[in-house]
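Before any comments, here is the structure.
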Amino acid sequence: QMQLVESGGGLVQHGGSLSVSCAASGRTFDVLAMAWFRQAPGKEREFVAGINWSGRSTNYADTVKGRFTISRDNAKYTVFLQMNSLKSGDRAVYYCAASNPNAVSTMMYHYNYWGQGTQVTVSS
């Protein structure tokens, strides 16, 4: 079993930056693809960014491409999401997810493990 715990969410001004992280424990971390999803009020959960176990393959939603960066530190069992130029549309609960096999997917059903989420709020 794997546990994922997100942290780093909070309130940020429009145009500002914020970094969220996800710490994993339990099964071997470095053989899993990791991803961030988000869910805004009244909307479905959507893919934000994903990274494979080596970190050499990443994928981003078009809405965040060029603004967000996903990375991972396998030695610390942690995946990060650096968010820059934040907009009101980025306001959501951000969820960390892990999958086995090691392949980045934009689909929720691909991911076996989920964190509880961390709130990101962008003020105008």
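Kindly provide log₁₀ I(q)/I(0) values, in the same order as q = 0.21, 0.26 Å⁻¹, from the Debye equation applied to equal alpha-carbon scatterers of the range 22-90. Listed by q, the Debye log ratios stand at -0.89, -1.18. Across the chain, the mean sequence separation of Cα contacts (distance under 8 Å, 6 or more residues apart), normalised by length, yields a relative contact order of 36 percent.
Convex hull volume of the Cα atoms of the chain, normalised per residue: 89 Å³.
On the accessible surface of the chain, probed at 1.4 Å, how many percent belong to carbon and sulfur atoms? Before the final figure, lay out the partial values.
Numbers: 2970 of 6330 Å².
The computed percentage sits at 47.
For a paramagnetic label modelled at 7 Å from the Cα of SER54 toward its Cβ, which residues of the range 1-25 fall within the zone defined by backbone nitrogen distances under 13 Å? Within reach of a label on SER54, which here means backbone N under 13 Å from a point 7 Å along Cα→Cβ, the range 1-25 contributes nothing. Working from label points 7 Å from Cα in the Cα-to-Cβ sense, the LYS43 to ALA103 distance is 2.8 nm. A Förster radius of 35 Å combined with the Cβ-Cβ distance from LYS65 to GLN1 puts the calculated FRET efficiency at roughly 0.60. Here's the picture: charge each Lys and Arg Cβ at +1 and each Asp and Glu Cβ at -1 in the chain, and of GLN116, ALA103, GLY66 the one pushed furthest to the positive end of that dipole is GLY66.
A simple count of charges around SER17, restricted to other residues whose Cβ falls under 14 Å of its Cβ and scoring Lys, Arg +1 and Asp, Glu -1, yields +1.
Only sites in a loop by DSSP and with at most 13 other Cβ atoms within 10 Å count here; which GluC sites (Glu not before Pro) in the range 1-95 make the cut?
Qualifying residues, ordered by number: GLU44.
Computed with a 1.4 Å probe over protein heavy atoms only, the accessible surface of the range 52-124 comes to 54 Å² per residue. With 0.36 nm allotted per residue and the present C-alpha distance subtracted, the SER17-ASN84 stretch has 23.7 nm of extension available.
The values are calculated or read from the model by the stated rules, or taken from the named source; none is laboratory data. No experiment lies behind these values; they were computed from the predicted model shown. FYI the Cβ positions are ideal-geometry reconstructions off the backbone, even for glycines, and counts take in every protein chain you see. Side chains included, ligands, DNA and RNA excluded: accessible areas come from the protein's heavy atoms. Shrake-Rupley method; radii C 1.70, N 1.55, O 1.52, S 1.80 Å.
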